[in-house]
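Okay, so here's the structure we're looking at.
Here, each number is a calculation from the coordinates, and none is a lab measurement. All values reported here derive from a predicted model rather than from experimental measurement. Cβ placement follows ideal geometry from the backbone for every residue including glycine, while neighbour counts extend to all protein chains displayed.
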Amino acid sequence: MSDIPFGLAKIENSKNYWTSNLLPMKKTNIHRIAETTIFQSDTETKDLFHNIQKERKIWWRKLAQFPSRFKLTEEKKIKNCNVVDIEAQFSFGNVIVEKIAYHTDVRKLFSQVDSKKDFTNVQMVEHKASLDWGCLALLCDAYDMNKSNKMHLHSKLAPHKVAFHIKRTNNEENTQNDDLNRFVLYLNNMLRTKGLNTILTTSEKIINTCLIPFIISVDATSLENGIIYIRDRSTTLSEAIHVTDLVKYIILRC
């Protein structure tokens, strides 16, 4: 604590219900939160409090299909701290996904600390994100019954990033089919070695069920010139790229 800024981070279970007005909560219900606490000098903490609000709101909006639904609430004064919530607004109610608090009197929070310690010029900002409520909010955002009948997860959240589709013609020789199969396996392994999950399937139903954001199409000409086609499932647009740019292309979007 002699050098600030100084921060602590933890993940734990919380009994604070947050948005208990949406669902009937029992006393045994808890949710998992990720919390970051930052100690800063009193001259800089207020600016930090406002900067974190902007950064965290932008973070949630980047993952949303409808970014404008994630908003900051009015600032509330609770005891010795100011609190702002980030909430996702839905037709069925608002889901609080994160709480950001600005503490002006740090000494009262640390009664167990040696009283000789000087906290006079130290203040604190903490923000707590609910992993459970946040997950629910992003899933509800991905499937909006009023605007679509399909679910669209952000590509960063999709568990599987890529599926493959081989365009075959009836008159292709078996040897060429074998070459295309080996080519797809090569692309598949190239992505997986970089930590990008893929699915090898010919079923359109599986691709839709697993919410795969990108479908890669290859054909006989891909073997000759290395050009493959990537279709973005959310926009339905297709783009031609060279096979050497595939990993970079997917990483930038996932």
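Of 203, 14, 222, how do they rank once you tally other Cβ atoms within 10 Å and put the fewest first? Don't skip to the answer; put the middle values down first.
Values: 203 11, 14 15, 222 23.
With the fewest neighbours first, 203, 14, 222 line up as 203, 14, 222.
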Along the dipole axis of the stretch 162-253 (charges at Cβ: +1 for Lys and Arg, -1 for Asp and Glu; origin at the Cα centre), the most positive-end residue among 213, 202, 177 is 213
Once both labels are modelled 7 Å past Cα along the beta-carbon direction, what's the residue 151-residue 205 spacing in nm? 1.7 nm
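Please give the calculated 222 nm ellipticity per residue for the chain, where each DSSP H segment of at least 4 residues contributes -39500 (n - 2.57) and the sum is spread over every residue; nearest 500 deg cm²/dmol?
Values: 6 runs with 69 residues, N = 254.
After summing the helix terms and dividing by residue count, I get -8500 deg cm²/dmol.
Membrane-span-like helices in the chain: DSSP H runs reaching 15 Å or more (Cα, own axis), mean Kyte hydropathy at least -0.5?
131-142
Over every pair of different alpha-carbon atoms in the stretch 122-254, take the mean of 1/r and invert it; report that Kirkwood radius in Å. Could the numbers behind the result be given before it?
Numbers: mean 1/r = 0.0598 Å⁻¹.
So the Kirkwood estimate lands at 16.7 Å.
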Suppose every K and R has +1 on its Cβ and every D and E has -1 on its Cβ; what is the size of the dipole of the stretch 162-253 about the Cα centre, in Debye to the nearest 20? 460 debye
From the coordinates shown, mean projected area of the Cα convex hull in nm² corresponds to which of (1) 18.7; (2) 19.5; (3) 15.1: (1)
Explain nothing, just the number: relative contact order of the stretch 162-253, from Cα pairs under 8 Å at least 6 residues apart, as a whole percent. 31 percent
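State to the nearest 20 debye the size of the charge dipole of the chain about its Cα centre, where the only charges are +1 on K and R beta carbons and -1 on D and E beta carbons. Before the final figure, lay out the partial values.
Working: 36 positive and 29 negative charges, 171 e Å.
Result for the chain is approximately 820 debye, rounded to the nearest 20.
As an exercise, use a Förster radius of 22 Å and the Cβ-Cβ distance of residue 72 and residue 121 to find the FRET efficiency, rounded to the nearest 0.05. Let's see the in-between values first.
On the way: r = 28 Å, r/R0 = 1.27.
Once the sixth-power term is evaluated, E becomes 0.20.
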Quick one: compute the contact order of the chain, relative version, from alpha carbon pairs under 8 angstrom and 6+ residues apart, as a percent. 15 percent
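Applying 1/(1 + (r/R0)^6) with R0 = 35 Å to the Cβ-Cβ distance of residue 252 and residue 4, what FRET efficiency is obtained, to the nearest 0.05? Don't skip to the answer; put the middle values down first.
Numbers: r = 36 Å, r/R0 = 1.03.
Efficiency, rounded to the nearest 0.05: 0.45.
For residue 234 and residue 104 in the same chain, what is the full-extension length gain: residue separation times 0.36 nm, less their Cα-Cα distance, in nm? Show your work: numbers first, answer last.
Numbers: separation 130, 0.36 × 130 = 46.80 nm, distance 4.50 nm.
Working it through step by step, the gained length comes to 42.3 nm.
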FRET efficiency (residue 135, residue 41; Cβ distance; R0 25 Å; to 0.05) is 0.10
